[in-house]
Amino acid sequence: MLSFARCLAIALLCFASAAMASWLSEHLGQSVLIENKPGGGNNIGVDYVVKSPPDGYTWLLVNPANGINTTLYKNLPFDFIRDIAPVAGLIRTPNVMEVTNSLPVKSVADFIAYCKANPNKVNMASSGSGTSVHLSGELFKSMTGCQMLHVPYKGAGPALTDLIGGQVHVLFDNLPSSAGHIRGGRIRALAVTSAEREPSMPDLPTVAETVQGYEATAWFGIGMPKGTPREVIDKVNAEVNRALSDPGMLKRLSELGGKPIKGTPEDFGNVIKAETEKWAKVVIQSGAKAE
């Protein structure tokens, strides 16, 4: 099939893509290497893949920013839905709604009540304007009526540092980034943003248990340039689904709070379309702008 493949890892969970790359290298009998193409809010990496020959040699690690950017950026040189062929889903991971320890709230209901009693006095940190972390908070605001001031940072790390230090009050961060700080008692987790509770933190409720219908997850998968031969797409899809049924792989992904997204290329395409439409509404309603 292929003698070489490059996976463009442009998501926060590069270690998840590394685990899958290792599996595919072994089971396809071909080298799958990870090449980071940072910048432009993920758009540089996508543009690189879109412009690559559709021969199966160049892959894209698809992630939430790709769907969000469709609305967030006005003059992209590509149409993500049109120009990237969905190949296979990988995992979904929840964000976690977490607060600084000094904030006098113990639950999502407490937080909503506190916000409404103190409008625009709660600072909501994010990893940057228009990121999935930011829009998870904007979705919460729109569904609860909470008035919070958005404080964008250049990355989740500085936002988390200031949350620990008490300079900001709440952050809807990726679970893998925050899990150690939560377990260490440096911040207080109120809920996960997935539809179901996270097995690694079973006592932590979901936001949806208080705010019906709320869900905001990070999702990842593989895409290739439009026009890639169907037999190449089907081969990679089959191996990814096989990997997502392997106990060892599932254990590694579960450590990230990840649940597998198995299915056909069309199934993953439906995920991309649904998420793109969902977050387009949040981007427009919130007025989020690309930095």
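The values are calculated or read from the model by the stated rules, or taken from the named source; none is laboratory data. What you see is a predicted model, and the numbers here were worked out from it, not measured in a lab. In this analysis, Cβ positions are derived from the backbone assuming ideal geometry, glycine residues included, and neighbour counts consider all displayed protein chains.
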**Prompt:** Can you name every residue in the range 133-151 that is without any contact (Cβ under 8 Å) to a residue 40 or more places away in the chain and either assigned to a helix (DSSP H, G or I) or not assigned by TED's automatic domain parsing to the domain that holds Asp173 (or both)?
**Reply:** Gly137
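Kindly indicate which of Gly67, Gly130 is on the phi > 0 side of the Ramachandran plot, surrounded by 20 or more Cβ atoms within 10 Å (Cβ to Cβ) and either in contact (Cβ under 8 Å) with a residue 40 or more places away in the chain or under 16 Å from the mean Cα position of the chain (by Cα) (or both). Quick ask: steps written out before the conclusion?
Numbers: Gly67 fails: on the phi > 0 side of the Ramachandran plot.
Answer to the check: Gly130.
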**Prompt:** So, in the range 153-172, of the ones that are among the aliphatic types (A, V, I, L, M) and either touching a helix residue (DSSP H, G or I) at 6+ places or on another chain (Cβ under 6 Å) or part of a helix (DSSP H, G or I) (or both), which residue ends up surrounded by the fewest Cβ atoms within 10 Å (Cβ to Cβ)?
**Reply:** Ile164
**Verdict on Ala218 being touching a residue at least 24 places away in the same chain (Cβ under 8 Å), in contact with a Lys or Arg (Cβ under 9 Å, 6 or more places away or on another chain) and closer than 30 Å to Lys106 by Cβ** = yes
**Asked** Within the bounds of the range 152-172, is there any residue that is farther than 29 Å from Val283 by Cβ and either of a type in the set (Gly, Ala, Ser) or in contact (Cβ under 8 Å) with a residue 40 or more places away in the chain (or both)?
**Response** yes
**Candidates Lys289, Lys273 - the one that is within 24 Å of Gly45 (Cβ to Cβ), among the charged types (D, E, K, R) and at pLDDT 95 or above** = Lys273
**Message:** Quick check on the range 91-127: of everything there that is under 14 Å from the mean Cα position of the chain (by Cα) and farther than 14 Å from Ala189 by Cα, which residue is surrounded by the most Cβ atoms within 10 Å (Cβ to Cβ)?
**Reply:** Ser126
**Prompt:** Can you tell me which of Ala208, Ala189, Ala288 is within 28 Å of Leu72 (Cβ to Cβ), among the aliphatic types (A, V, I, L, M) and touching a strand residue (DSSP E or B) at 6+ places or on another chain (Cβ under 8 Å)?
**Reply:** Ala189
**Prompt:** Of these, Ala238, Ala208, Ala218, which one is exposed (fewer than 15 other Cβ atoms within 10 Å of the Cβ) and of a type in the set (A, V, I, L, M, F, W, C)?
**Reply:** Ala238
**Message:** Could you go through the range 25-41 and let me know if any residue there is surrounded by fewer than 21 Cβ atoms within 10 Å (Cβ to Cβ), closer than 18 Å to Lys226 by Cα and modelled with pLDDT of 75 or more.
**Reply:** no
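Has the range 179-186 got any residue that is touching a helix residue (DSSP H, G or I) at 6+ places or on another chain (Cβ under 6 Å) and over 27 Å from Ala280 (Cα atoms)?
yes
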**Prompt:** If His150 satisfies every condition in (1) closer than 23 Å to Lys289 by Cα; (2) crowded, with 24+ Cβ neighbours inside 10 Å but one, which is the exception?
**Reply:** (2)
**Residues of the range 82-119 satisfying the condition of being within 30 Å of Trp219 (Cβ to Cβ) and in a helix (DSSP H, G or I)** = Arg82, Asp83, Val108, Ala109, Asp110, Phe111, Ile112, Cys115
